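The values are calculated or read from the model by the stated rules, or taken from the named source; none is laboratory data. All figures in this text were calculated on a predicted structure; none of them were measured in a lab. Using ideal geometry, Cβ is built from the backbone for each residue, glycine included, and neighbour counts are taken over all protein chains shown.
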Amino acid sequence: MAAIQVVRSEWTKIRSVASTVWTLSLAVVVTIALGMLISALTKNEFDNMSAKDRLSFDPTYISFAGMSLGQLAMIVFGVLVVSNEYSTGMIRTSLAAVPQRGTFLAGKIGVATGLALVVSMATSFVAFFLGQAMLGSHKTALGDPHVLRAVIGGGLYMTLIAVFSMGVAAMLRSPMLSLGILMPFFFLISNILGNVSATKKIGRFLPDQAGSRIMRVVPRIDDDTPYGPWGGLGIMLVWVVAALLGGYVLLRRRDA
Amino acid sequence: MIELAGLTKRYGEKMAVDDLTFTVRPGIVTGFLGPNGAGKSTTMRMMLGLDRPTAGDVRIDGRHYDRLKDPLKYIGALLDAKAMHGGRSAYNHLLCLAQSNGIPRGRVAEVLDTVGLTGVARKKAKGFSLGMGQRLGIAGALLGDPRILMFDEPVNGLDPEGIHWIRTLMKSLAAQGRTVFVSSHLMSEMALTADHLVVIGQGRLLADTSMAEFIEQNSRSYVRVRSPQRERLLDVLHEAGVTVVESGSGALEVDGGKAEHIGELAAQHQIVLHELSPQQASLEEAFMRLTAESVEYHAHSDGPAEPRPAWGDGWERS
């Protein structure tokens, strides 16, 4: 079984269902539009901000504000790419065609990751430039220290969120169950854990909080996070690899 | 050729497939028969490497399924007409299968034409009727031009024209020298298509025989006689040394008897006959007898409960 055949087949699968187009477009539009909106609001509010807030003002990070919502569409993309095989029964046809389950999963996740990476990178750059345009005189430039790292990091962050969701969906199989766990987790629970002082130390090791560190150029005042931007992305990567391994092991063991 | 050796699948305490050993040979249609829940689909899933056997082994042309390079070129299977993404067009569904096994793109149009779906190739599969879904599934099975074909209950839910089409297709595939393995829970269907018969019940092998042999062994011929002078007829037949079985509804059944012989005897004794007909027990009955012990879900033979009057029916009378 040549791996290239599986990649070709998975590319046909991913481009021939409507959910790919609408989840990815939603991720792009929401991330960019919300980032622009919040950038524009911030510019108008800048004069009313406290001195402390002005010191930690991070124009790059502000332009990525839309990602908190846009990532939810990325999660839906990641979940559906994997779990629609199960919800439709296609998995039996797919595994009969490609009985090497590791090759099958690697092909599927590889293709979906590649697509997510292209879309996320483009989204990150566009969100940055349009966000800066909204910030007017408070803007930063791609050439400023660490800014390029943050913008590339934004694309990697979005991609990894999608891949993490693929791994979780490979373990859970059901789209409803996967979304029912991932959506509230990233939208609510992670935020709550990260903002309550008792759980803050645990919260910042969660995939989204650790990973999003890479999008910050100006660290928060009295920030005592024990990892840097790349360290944070590394922590997120560990989560992603764990989810993928879990998905692989279960797929190997289970009856289809 | 498909070889099963001691194939077993256990779900917890329940034996779904119990020590099956048989061989599916090329050039003929092998019918795989069993009542609902007998383990036919589980067996077929294990043949395709989808379910892992608890014990035993299946080999396709001497090899395990997951050892086949480009398996769709060896064995094509229709397991479930719904095993596809409804949002994908028929063409793209077949294209992704073809690409995964290195089958040239042109083959997709060929099999669509074979199953008569060319006109709806670009339509989404979720809009397909059950019959069209079956045809698309069969197109997928034919895609790699495999030597072995496997169909799980292919005629389920099809209209007579679709059933006829599938029967003809299976026979022509076997005539080309391919191995055709088809499951059904209907003996009558198998009698029309299969050359060889494998019968299972509760996961166990009950019969592995040629169709002709099965018919010969299991079809009982008898003559049914009906007469208003029943007692007298019984006496006459008894005197002539003919064994008679009384069936329900007042008729008599003469096993292996000749209708002519019985008619002549009755005429000699001036007995009036209302019926004198040679009968052949159906294969369906033979199959039912064979699997009677192993049917898992017995329906209750008494009729449905008396319908209760719906609530509010009597309001006009009060």
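Identify, from the list A:ASP255, A:ASP222, A:ASP208, the residue that is part of a loop (DSSP other than H, G, I, E, B) and either of a type in the set (Ser, Thr, Tyr) or under 29 Å from A:SER19 (Cβ atoms) (or both). Exactly one residue qualifies, and that residue is A:ASP255.
Answer yes or no: is there a residue in the stretch B:289-300 that is modelled with pLDDT of 75 or more, touching a helix residue (DSSP H, G or I) at 6+ places or on another chain (Cβ under 6 Å) and either assigned to a strand (DSSP E or B) or not polar (S, T, N, Q) (or both). No; the residues of the stretch B:289-300 include none that is modelled with pLDDT of 75 or more, touching a helix residue (DSSP H, G or I) at 6+ places or on another chain (Cβ under 6 Å) and either assigned to a strand (DSSP E or B) or not polar (S, T, N, Q) (or both). Residues being outside any loop (DSSP other than H, G, I, E, B), closer than 30 Å to B:HIS85 by Cβ and at pLDDT 95 or above are represented in the stretch A:32-51 by at least one member. For the stretch A:225-242, filtered to residues that are assigned to a helix (DSSP H, G or I) and of a type in the set (Gly, Ala, Ser), the residue that is surrounded by the most Cβ atoms within 10 Å (Cβ to Cβ) is A:GLY232. For the stretch A:1-27, taking the residues that are of a type in the set (Gly, Ala, Ser) and surrounded by fewer than 20 Cβ atoms within 10 Å (Cβ to Cβ), the one that is farthest from the other protein chains (Cβ to nearest Cβ) is identified as A:SER25. For the stretch A:85-94, the condition holds for no residue, the condition being that it is more than 22 Å from B:GLY86 (Cβ to Cβ) and of a type in the set (Val, Ile, Thr).
Exactly one residue out of B:GLY250, B:GLY257 is modelled with pLDDT under 80, within 29 Å of B:ALA191 (Cβ to Cβ) and not aromatic (Phe, Trp, Tyr), and it is B:GLY257. Annotation: B:GLU153 fulfils all but one of (1) within 21 Å of B:LYS40 (Cα to Cα); (2) out of contact with any Lys or Arg (no Cβ under 9 Å at 6 or more places or on another chain); the unmet one is (2).
For every residue, the table says whether it meets (1) crowded, with 21+ Cβ neighbours inside 10 Å; (2) away from chain B (no Cβ under 14 Å); (3) among the β-branched types (Val, Ile, Thr).
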| site | (1), (2), (3) |
| --- | --- |
| A:GLY66 | yes, yes, no |
| A:VAL76 | yes, yes, yes |
| A:ARG101 | no, no, no |
| A:LYS108 | yes, no, no |
| A:THR123 | yes, yes, yes |
| A:LEU130 | no, yes, no |
| A:HIS138 | no, yes, no |
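For the stretch B:71-96, filtering for residues that are at the interface with chain A (Cβ under 7 Å from one of its Cβ atoms), surrounded by fewer than 22 Cβ atoms within 10 Å (Cβ to Cβ) and farther than 22 Å from A:ARG254 by Cβ leaves 4.
Can you find, within the stretch B:190-225, the residue that is farthest from the chain's Cα centre (by Cα) among those that are closer than 30 Å to B:HIS261 by Cβ and among the charged types (D, E, K, R)? Per the criteria, the residue is B:ARG224.
Screening A:LEU156 on (1) part of a helix (DSSP H, G or I); (2) over 13 Å from the mean Cα position of the chain (by Cα); (3) surrounded by 16 or more Cβ atoms within 10 Å (Cβ to Cβ) shows it passes everything except condition (2). Scanning the stretch B:39-70 for residues that are of a type in the set (Gly, Ala, Ser) and facing another protein chain (nearest Cβ under 9 Å) yields a total of 1.
With the structure loaded, tell me whether B:LEU142 is at pLDDT 95 or above and more than 11 Å from chain A (Cβ to nearest Cβ) or whether it fails that test. Answer is yes for this residue. Evaluate the following for B:ALA141: is it buried (at least 18 other Cβ atoms within 10 Å of the Cβ), under 17 Å from B:PRO26 (Cα atoms) and under 17 Å from the mean Cα position of the chain (by Cα)? Considered against the rule, which asks whether it is buried (at least 18 other Cβ atoms within 10 Å of the Cβ), under 17 Å from B:PRO26 (Cα atoms) and under 17 Å from the mean Cα position of the chain (by Cα), B:ALA141 comes out as no. For B:THR21, state whether it is in contact (Cβ under 8 Å) with a residue 24 or more places away in the chain, in a strand (DSSP E or B) and surrounded by 15 or more Cβ atoms within 10 Å (Cβ to Cβ). So B:THR21 does not fit the description; no. Does A:SER165 count as part of a helix (DSSP H, G or I), modelled with pLDDT of 95 or more and under 13 Å from the mean Cα position of the chain (by Cα)? It is true that A:SER165 is part of a helix (DSSP H, G or I), modelled with pLDDT of 95 or more and under 13 Å from the mean Cα position of the chain (by Cα). For the stretch B:97-130, filtering for residues that are within 11 Å of chain A (Cβ to nearest Cβ), surrounded by fewer than 20 Cβ atoms within 10 Å (Cβ to Cβ) and under 30 Å from B:THR43 (Cβ atoms) leaves 2.
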